[in-house]
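Structure, as structure tokens:
The values are calculated or read from the model by the stated rules, or taken from the named source; none is laboratory data. From a predicted model like this one, the values you see are computed outputs, not experimental measurements. In this analysis, Cβ positions are derived from the backbone assuming ideal geometry, glycine residues included, and neighbour counts consider all displayed protein chains.
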Amino acid sequence: MNDFDMRSMIESWQPKPSGSGMDRAFNERCHWMERRLLLQAESAIGTRSSNFSSGAVIEAILRDELSNILPRRYQVTCGMVSDRNGRTAGDCDVVIFNDTWFPSIKQRATLDDRQHVMPIEGVYAVLEVKQTLSLTTLDEAMKKLVICKRLDRPENATNQITENRPLEPGSQEIGNPLFSAIVAVKRDHSTSLEELVSRFIKVNQKLDRKHMIQCLCILGEACYFWGWAQDGASEAGLANFRGLDLHEPLIPIQASPDRGEPPLGALISRLFGEISNTVLATPSDIPHYYGSGRNYQPLWGGIPLIPAPQQREESHLPQPSTGAE
């Protein structure tokens, strides 16, 4: 084979198209996940005629679906969220928690026990799930999420590169905003979509910017979140509640099936984007602030038993080579 033929052969080694749907594969996965969730929820609701509760089942189905689609570094669970001052938001339907870096304050006794208490410092996101969304259940969900936002959660800057390693200098942006969302399986037929969205917006207008709820998702209908337009921008960007958008006007953004965006897919996209860019605060003081290691005292009145060295001991570590022989 001559050089020309070999060059032609090597140039022919190119990636091949994988099919027309690959560029939308994740979107399709979210679409089928939403349909599966709706079907499972419909089946769960149907058991109410036998006096079974369907709400807890639907929450468990959503947690299972999120566990399957989110990376395994995120624990998708339920339970109580507490802060270092002993305050709690109560039982939360979906909590995305970092159990790699953060310990639970109280571990659950069994796999299905909801008495699982997590420190707010180790939480990425909290979701409230409603089987049927009305103005009343919307208020209930927003109340729970606002209480979560009002727990004492120390902020860290975006110079925190991992949970135990910051860089200098610091940044003015917030590195660990708490993501919050409401997920509804269906809408109450006596309440219009416009009424629900209007209520969601009006309640958020009364809240401090850091306490706002980022997302409202109604399966099969639409997903709403927040955007903002920086000075001179021709279109709105997504608000992440970290920096400049904490002080700029916000506008609601809609994702809906008629534009090719399944509501659950839009929620997952926002959720994943936010938690992927979140680095939680340093966890090393969690045992102290939650009750362990606070009551140390000197032994025998604090009398020193080991005297201070008379002079600094010489280091026996090997010295770096200067390169000279």
**Message:** Being part of a loop (DSSP other than H, G, I, E, B) and loosely packed, with under 15 Cβ neighbours inside 10 Å: is that true of GLU194 here?
**Reply:** no
**Request:** For ARG24, work out the one condition from (1) outside any helix (DSSP H, G or I); (2) at pLDDT below 85; (3) of a type in the set (Lys, Arg) it doesn't fulfil.
**Result:** (1)
**Message:** So ARG259 ticks every box in (1) at pLDDT 95 or above; (2) exposed (fewer than 12 other Cβ atoms within 10 Å of the Cβ); (3) of a type in the set (Lys, Arg) but one. Which box is left unticked?
**Reply:** (1)
**Request:** Tell me which residues, restricted to region 229-276, are touching a Pro at 6+ places or on another chain (Cβ under 9 Å) and part of a loop (DSSP other than H, G, I, E, B).
**Result:** ALA229, ASN240, PHE241, ARG242, SER256
**Item:** Residues located in region 69-103, provided they are among the charged types (D, E, K, R) and farther than 16 Å from ILE58 by Cα
**Value:** ARG72, ARG73, ASP83, ARG84, ARG87, ASP99
**Prompt:** How do the pairs read when you match residues in region 70-87 that are without any contact (Cβ under 8 Å) to a residue 24 or more places away in the chain and buried (at least 18 other Cβ atoms within 10 Å of the Cβ) with residues anywhere that are of a type in the set (Lys, Arg) and not in a strand (DSSP E or B), using Cβ under 6 Å and keeping only pairs 6 or more apart or on different chains?
**Reply:** VAL76/ARG63
**Request:** Name the one entry in LEU178, LEU238, LEU244 that is in contact with a Cys (Cβ under 8 Å, 6 or more places away or on another chain) and closer than 24 Å to VAL279 by Cβ.
**Result:** LEU178
**Message:** Residues that are within 22 Å of LEU178 (Cα to Cα), at pLDDT 80 or above and surrounded by fewer than 17 Cβ atoms within 10 Å (Cβ to Cβ): does region 304-323 have at least one?
**Reply:** no
**Item:** Criterion violated by SER104 - all others in (1) among the polar types (S, T, N, Q); (2) assigned to a strand (DSSP E or B); (3) over 21 Å from MET33 (Cβ atoms) satisfied
**Value:** (2)
**Positions within region 201-244 being under 23 Å from ASP188 (Cβ atoms), crowded, with 19+ Cβ neighbours inside 10 Å and not aliphatic (A, V, I, L, M), in sequence order** = ASN204, GLN214, CYS215, CYS217, CYS223, TYR224, PHE225
**Request:** Please specify each residue of region 88-100 satisfying the condition of being surrounded by fewer than 19 Cβ atoms within 10 Å (Cβ to Cβ) and in contact with a Gly (Cβ under 8 Å, 6 or more places away or on another chain).
**Result:** ASP91, ASP99
**Message:** With the requirement that a residue be touching a strand residue (DSSP E or B) at 6+ places or on another chain (Cβ under 6 Å) and of a type in the set (Asp, Glu), what does region 183-214 give you?
**Reply:** ASP188
**Every residue from region 155-191 that is among the small types (Gly, Ala, Ser) and either surrounded by fewer than 17 Cβ atoms within 10 Å (Cβ to Cβ) or not in a loop (DSSP other than H, G, I, E, B) (or both)** = ALA157, GLY170, SER171, SER180, ALA181, ALA184, SER190
**Request:** Out of ARG153, ARG199, ARG114, ARG209, report the one residue that is over 27 Å from ASP83 (Cβ atoms), basic (Lys, Arg) and touching an Asp or Glu at 6+ places or on another chain (Cβ under 9 Å).
**Result:** ARG199
**Request:** Those residues that are more than 22 Å from HIS211 (Cβ to Cβ) and part of a loop (DSSP other than H, G, I, E, B), I need them from region 74-97; list them, please.
**Result:** TYR74
**Request:** With the condition kept exactly as written, say whether any residue in region 57-73 is β-branched (Val, Ile, Thr), modelled with pLDDT of 90 or more, under 30 Å from SER198 (Cβ atoms) and in contact with a strand residue (DSSP E or B) (Cβ under 9 Å, 6 or more places away or on another chain).
**Result:** no
**Neighbours by Cβ (under 6 Å, 6+ apart or cross-chain): first from region 216-242, among the basic types (Lys, Arg); second at pLDDT 80 or above and in a loop (DSSP other than H, G, I, E, B)** = ARG242/GLU173; ARG242/PRO177
**Request:** Go through the residues of region 201-214 one by one and say whether even a single one is in a strand (DSSP E or B), over 27 Å from TRP101 (Cβ atoms) and within 23 Å of the chain's Cα centre (by Cα).
**Result:** no
**Prompt:** LYS130 passes all but one of (1) under 16 Å from HIS211 (Cα atoms); (2) among the charged types (D, E, K, R); (3) crowded, with 22+ Cβ neighbours inside 10 Å; which number fails?
**Reply:** (1)
